[in-house]
Amino acid sequence: MTKKRRRKIKRIASQANEPVITGVAWYNEEQYPLLLEHATDADQLNDTFDKWKVNAQNAMQQLMAMGQLVRPVPVDMHEMIAWCKAENRPFDGAARAAYVSARLRAMTNSETG
């Protein structure tokens with residue numbers, strides 16, 4: 001086995017041992033109306049910040065009870081809206097989830113070096 005191949009296998013094994021973290025979008029109360037205003041699926045969202053927060057906390061607790069690592073990901077609505085435009089994506093649940101995943105990766109990478 002070549003040295004390059006051993007390094008690749010070691011890197012893959014190392015990544016496989018890393019815990020998977022589930023990111024949960026964490027909105028702030030002042031910007032929550034922007035979510036409702038711009039979301040193409042606003043009819044599927046909680047109509048108030050307080051309702052959203054209770055549901056988000058419950059969802060996080062359920063995920064943690066299943067043994068998942070969960071991390072709230074602070075969301076700036078202006079940045080998320082701009083990201084969706086730059087990515088040419090509708091401002092829907094799938095795009096918001098992709099944005100949160102990208103932010104979580106960036107946060108995790110900046111913490112680990």
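If each residue's Cβ is checked for other Cβ atoms within 10 Å, how do VAL100, VAL20, VAL70, VAL54 rank with the fewest at the top? Before the final figure, lay out the partial values.
Values: VAL100 21, VAL20 6, VAL70 15, VAL54 12.
By the 10 Å Cβ count, ascending, the order reads VAL20, VAL54, VAL70, VAL100.
Summarising the amide proton neighbourhood of VAL73: residues at separation of 5 or more, or on other chains, whose placed amide H is nearer than 5 Å comprise VAL24, ALA25, TRP26.
Computed over the range 17-113, relative contact order equals 40 percent, with contacts defined as Cα pairs under 8 Å that lie 6+ residues apart. Legend: ranking of residues ILE81, ILE21 from fewest to most surrounding C-beta atoms inside 10 Å; resulting order ILE21, ILE81. With the cut-off at 15 Å, report for the range 19-112 the share of all Cα pairs above it, as a whole percent. That tail contains 62 percent of the Cα-Cα pairs.
Here the gap between GLN68 and GLU87, fully extended at 0.36 nm per residue and compared with their Cα-Cα distance, gives a gain of 3.9 nm.
Bear in mind that the values in this text are calculations on the coordinates, not laboratory data. Predicted model, so just to flag it, every value in this text is computed and none were measured. FYI the Cβ positions are ideal-geometry reconstructions off the backbone, even for glycines, and counts take in every protein chain you see.
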